[in-house]
Structure formats: structure tokens, C-alpha cells
Amino acid sequence: MEKLAIISTVKAPLSQLQMYVNYHLNLGIDEIILFFDDPLDEGIKFFSSYKNITIVPCSSEYWTQKIEKRPPISLDRQIVNVNEGVKIATSKNCTWMTHIDCDELIYPLKDIKQVLRNCQADALKFSLMEAVSEQETYEHIFIPTLFKKRPNKLQIWAAKILGCSQCFCEGEYFRGHNSSKMLIKISSKIKKYGIHEPDQCDDDTLIQETNELRLLHYDSIGLSNWKAKFEGRAQELVAGDNLSEFFGNYRLKQFQDYLQARSEGDSQLAALYKRLYIMSKRQKQILFFLGMLERVILNQDCFNLVNEFTK
């Protein structure tokens, strides 16, 4: 029987974490392993009442035991945590794992366990979709129903010709990561796990893409969520760091534009957010016509806690 674990390094409002956890438990995920970046996070106590949730506070003692010192960059902390998470998942007899963030939701078009049972590959890459903000404020990040789909070259060319150039940043359609995450079979073939994919694996490791399992990325949903995310990045990256090590060209441009707008005040930040994230009605019509947008309506009951998941 296939048994699936989600591994996440988290730092988010408790209400968001509740929805993230409840959704995936209701989806049938067997184990969720949460590494709390803040060892005093209120979620640590809250989720202690949940079944099938492993809580790891990333305290100074945790980092001393693992690698002597807490990495200053979140990406490096996640790499340590995902490999520690695989050890925990293995101890709980999980056969598959995925490392996703708490602003991402797995959206299967078919039963996820059935897909895994029929899979001959060692890893399955989710089909990535990115949520579109249609307004500047939201009650929570999982409200949007409009999603970008990965475009091909012809779609990109047509979108630009038809007046949607503003929907691209440094040539990229997505604002968050372009590389999707994977479901990875826990086996001796995988020597080290990365954030998106195996970091070290045997040469015969088979990786396939699937359209049956989607990953919904709710990147920077609303002005306040965007500002919080970019402020976190600004605090991590000190002057003199080689930013290109942490960002692709399009994300580096966003970060630099954010810092510039921040220096000019809140009105400029709001204007930048609108330019980067808010599409006009005409742009949405064109992108729908080109097959670059899709509506995904989630059952809101999936975000509610079912009593069977509590101790």
C-alpha cells in the first residue's frame, strides 16, 4: 500500500497553516511533517493535538545537532529539513514523499494513491499552476480561483502580440518558481533530496511529468502577503550577497523593483504590486482564449478540520 508524506518548512499565520494542513489531511495524505522555522511559533502547540502530524521546532539546539549553525538563507534550511523529514517519513513507513510549501496545495485530477500505485517512475513532477490575484486584499491566500498554466512558446508569442506583454516579467509568465515540485519514491536510489527534486540520485532514476496531479501555487496573494514575503527575503539577504545565487533573472528583477519601490513609499509599493500581479479584464479574456488561464474551484469544506484527525 502506498503511503505518502508531505514535508514542509513553515512560517506563516496559524490560520493559513490550519487550512493547509486540513486540506491535505482531507485529501488523504498519510503524514505531514512540519519544520517550524520559528521555534516559538504558536502552531507548535496547536498542531500537537493532530494525528499524523510530526512537529519539529527548528531551535538552536536542533541546528547544533544537525549542522552546528542555523543557515542564514531559508533555502539552505529547507534542504536540511527535507532530508531530515525523509528520515521521519521512513520511520513511519511512508513510501512516497513530497516537499511543498504552505502556500501550495496538491490538486489531483485522479485519486492520488491510484496514480502512485500505477506509477513506474521514481519521481512524478506535478503540473504547476500559479494563482492569480484579482484584487489587492484577501481574507486568506487560498481564495483565488484563477490560475496561470505553463505556456508554450507559441502562446507566449501570441499573448505579447495581442497586448499582454505586461503579464510577463523578464520574459517569464509565472511570478513565483517556474520549476514544479515532485512526488518522490523513498528508495535507495535517492541519495539526497532537494527542494524541488532529487539532489543526488542514481543514474537510472526515472523522473516523469504528470498531468493527473497538479500543484496550485498561491504566490503573493494580496498586497500584504506580497510585502511580507519580500520583506522576509530582504531581511535574509544582506548587502554584498550574490543575489543571482538565490534568484533567477525574473525573480531578481522583482526583488530589485521591490526594494526600489519600498524606498519610495507605500504608494509605489502598491503600484508595483498592481503592475506585477493584477491583470485587466481584457488581458484575462485574451489569456483565457489562448489557454493560458483556467478556473479551479476548490470545495471549501476541504479546509475544515475533521474530528478523526485530532487525538
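Coordinate-derived values only; no laboratory data. Since we're looking at a predicted model, the values are computed, not measured. So basically every Cβ, Gly included, is an ideal-geometry build from the backbone, and we count neighbours across all protein chains shown.
Its relative contact order, with pairs defined as Cα atoms under 8 Å and 6+ residues apart, puts the stretch 120-257 at 38 percent. Using the Karplus equation 6.51 cos²θ - 1.76 cosθ + 1.60 (θ = phi - 60°), what ³J(HN,Hα) coupling, rounded to whole Hz, does each residue of the stretch 37-46 give in order, writing x for Gly and Pro? Those phi angles translate into 4, 9, x, 9, 4, 5, x, 4, 6, 4 Hz. Our compactness index for the chain, the C-alpha radius of gyration over the empirical 2.2 N^0.38 Å, is 1.01. The packing ranking of peptides 223-230, 271-278, 32-39, highest mean first, is 32-39, 223-230, 271-278, where packing means the average number of other beta carbon atoms within 10 angstrom of each residue. For the pair Q65 and I161, label points projected 7 Å from Cα toward Cβ lie 6.0 nm apart. Phi-derived couplings, Karplus 6.51 cos²θ - 1.76 cosθ + 1.60 at θ = phi - 60°, listed residue by residue for the stretch 139-149: 5, 8, 6, 8, 7, x, 10, 9, 10, 7, 10 Hz, with x used for Gly and Pro.
D by Stokes-Einstein for the stretch 91-164, Kirkwood Rh over Cα pairs, 20 °C, 1.002 mPa s: 135 µm²/s. Quarter the surface of the alpha carbon convex hull of the stretch 1-147 and you get the mean projected area, 10.0 square nanometres. Taking every alpha-carbon pair under 8 Å whose residues sit at least 6 apart, the chain reaches a relative contact order of 25 percent. Taking every alpha-carbon pair in the stretch 135-190 and binning the separations at 10 Å intervals from zero gives 16, 35, 27, 16, 5 percent.
Residue by residue, the stretch 164-169 carries 3J(HN,Hα) couplings of 10, 4, 5, 7, 10, 10 Hz when phi is fed to the Karplus relation 6.51 cos²θ - 1.76 cosθ + 1.60 (θ = phi - 60°); x denotes Gly or Pro.
Taking amide hydrogens as placed 1.01 Å from N in the peptide plane, the amide H of V10 sits under 5 Å from those of F35, F36, D37, each at least 5 positions away in sequence or on another chain. Peptides 158-168, 127-137 ranked from most to least packed give 127-137, 158-168, packing being the mean of other C-beta atoms within 10 angstrom over each peptide's residues. Relative to the longest principal axis of the Cα atoms of the chain, helix 266-277 runs at roughly 80 degrees.
Projecting label points 7 angstrom from Cα along Cα→Cβ for K274 and E139 puts them 2.5 nm apart.
Of the residues Q235, C58, C102, the one whose Cα sits farthest toward the positive end of the charge dipole of the chain, with +1 on the Cβ of Lys and Arg and -1 on the Cβ of Asp and Glu, is C102. Please label the shape of the stretch 269-311 as rounded, prolate or oblate, based on the square roots a ≥ b ≥ c of the eigenvalues of the alpha-carbon gyration tensor (a/c under 1.5 means rounded; beyond that, a/b larger than b/c means prolate, else oblate). It comes out oblate by the Cα gyration axes. The residue list H217, V10, S263 was ranked by how far each Cα lies along the charge dipole of the chain toward its positive end, using unit charges on Cβ atoms, and H217 comes out on top.
Using per-residue counts of other Cβ atoms within 10 Å, averaged over each peptide, order 57-69, 286-298, 184-196, 4-16 from highest down. If you can, show how the numbers build up before the last one.
Working: 57-69: 13.2, 286-298: 15.4, 184-196: 17.3, 4-16: 20.2.
Taking the mean over residues of other Cβ atoms within 10 Å, the ranking is 4-16, 184-196, 286-298, 57-69.
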